[in-house]
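The values are calculated or read from the model by the stated rules, or taken from the named source; none is laboratory data. These numbers come from a predicted model, not from an experiment. Neighbour counts are summed over all protein chains in view; Cβ atoms, including those assigned to glycine, are modelled from backbone coordinates with ideal geometry.
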Amino acid sequence: MYNFALQEITEIKGRLKVFKLLMNDACLYDEFEKEIECEGNLKTELLTIATRLHEMADLKTMPPNKFKDITPPKETNKEYEIKTANLRVYLFHEKNTGRIIVCGGKKGTQQADIKHFRRIKKEYFNQKP
């Protein structure tokens, strides 16, 4: 069981607040960013992700090849995927809070990453009072 906390990304200013999900004081998204930066070949795509996060916070409309609603049928909390050619970032919307980034991944591991994201999201909401 995880101890969850939210950390606002204050650099992203817009109509929606954007947070990183911390699990036992660690952030899967931060670990993902570090991995991509160490590999070096996809750094520009991380900048594209950051731009799309700003656009999302400003509620700008983006096409599904950049920002996609991946919410399963009958799910009440919206799920989203921010996409570049090779990278994916998974987040959800929490009413009265904002958008919460859970994790990132690469195109080739997309299905496993979505399953992992949904398990974490489910546990997060199961722990809510």
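Odds and ends about this structure:
- Residue count for the range 12-65, restricted to those that are farther than 18 Å from HIS93 by Cβ, charged (D, E, K, R) and over 13 Å from the mean Cα position of the chain (by Cα): 7.
- Cβ-Cβ under 9 Å pairs, at least 6 apart or on other chains, the range 58-70 side over 25 Å from GLN111 (Cα atoms), far side assigned to a loop (DSSP other than H, G, I, E, B) and among the small types (Gly, Ala, Ser): ASP58/GLY14; LEU59/GLY14; LYS60/GLY14
- Answer residue from the range 83-114, given it is of a type in the set (S, T, N, Q) and farther than 11 Å from VAL18 by Cβ and is farthest from the chain's Cα centre (by Cα) among those: ASN96
- Output for the range 94-117, where each listed residue is touching a residue at least 12 places away in the same chain (Cβ under 8 Å) and β-branched (Val, Ile, Thr): THR97, ILE100, ILE101, VAL102, ILE114
- All conditions in (1) in a helix (DSSP H, G or I); (2) out of contact with any helix residue (DSSP H, G or I) (no Cβ under 7 Å at 6 or more places or on another chain); (3) in contact (Cβ under 8 Å) with a residue 12 or more places away in the chain; (4) not basic (Lys, Arg) hold for LEU47, with the sole exception of (3).
- Output for the range 2-22, where each listed residue is without any contact (Cβ under 8 Å) to a residue 60 or more places away in the chain and among the hydroxyl-bearing types (Ser, Thr, Tyr): THR10
- Condition broken by PHE92, with the remaining ones in (1) assigned to a loop (DSSP other than H, G, I, E, B); (2) at pLDDT 95 or above satisfied: (1)
- Residue that is surrounded by the most Cβ atoms within 10 Å (Cβ to Cβ) [pool: residues in the range 54-81 that are among the hydroxyl-bearing types (Ser, Thr, Tyr) and more than 17 Å from PHE19 (Cβ to Cβ)]: THR71
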